[in-house]
Amino acid sequence: MAGHDINKEIRAYWLVFGALLVFTGLTVGVSYIPFVISMSLIVGLAVALCKGTMVALIFMHLKAEKRLIYWSLFFTVIFFFACILLPILTEMDQLDESPNGGFYHGTALPDPEDRPSFTHYTENRGGDH
């Protein structure tokens, strides 16, 4: 390992560790700010993306990898989103304007009063089984 400076790598690990602590503190601090839920989600995902990128690049040594690994990661992400979006997109034509969300093709959900409750089963058990 000629020309390999271990002190440089240790310094990078400590810098990432410090940055992860700062970003964790930022995440906790942002959770106390009364944002709209969508803004909290965006800020939380942005912080998580930064933290995940630092861990992947430094701790998992992806910073020094060849281009092939980046292309394989890129296609993995594309495949992941395709697997998530495909069921959603194929069901979009099934949605209608029914009050129960539309996935039941206009049929109403059963009334909760018509379903037997847990107390119904326990009251009718009796002592002899």
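Of note:
One line per residue, one yes/no per condition, for (1) assigned by TED's automatic domain parsing to the domain that holds Val77; (2) closer than 24 Å to Val77 by Cβ; (3) surrounded by 11 or more Cβ atoms within 10 Å (Cβ to Cβ); (4) under 22 Å from the mean Cα position of the chain (by Cα):
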site	(1), (2), (3), (4)
Asp5	no, no, no, no
Ile10	no, no, no, no
Phe17	no, no, yes, no
Phe35	no, no, yes, yes
Val43	no, yes, yes, yes
Val47	no, yes, yes, yes
Ala56	no, yes, yes, yes
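- Positions within region 38-71 being of a type in the set (Gly, Ala, Ser) and either farther than 29 Å from Arg11 by Cα or in contact with a Phe, Trp or Tyr (Cβ under 7 Å, 6 or more places away or on another chain) (or both), in sequence order: Ser38, Ser40
- Residues in region 51-75 that are outside any helix (DSSP H, G or I) and under 29 Å from Gly25 (Cα atoms): Met60, His61.
- Criterion applied to Val28, Val16, Val47 was being among the β-branched types (Val, Ile, Thr) and in contact (Cβ under 8 Å) with a residue 40 or more places away in the chain, and the one residue passing it is Val16.
- Residues of region 1-17 satisfying the condition of being part of a helix (DSSP H, G or I) and at pLDDT below 80: none
The values are calculated or read from the model by the stated rules, or taken from the named source; none is laboratory data. The structure displayed is predicted, hence computed values, not measured ones. Cβ coordinates were reconstructed from backbone atoms using ideal geometry, including for glycine residues, and neighbour counts include every protein chain displayed.
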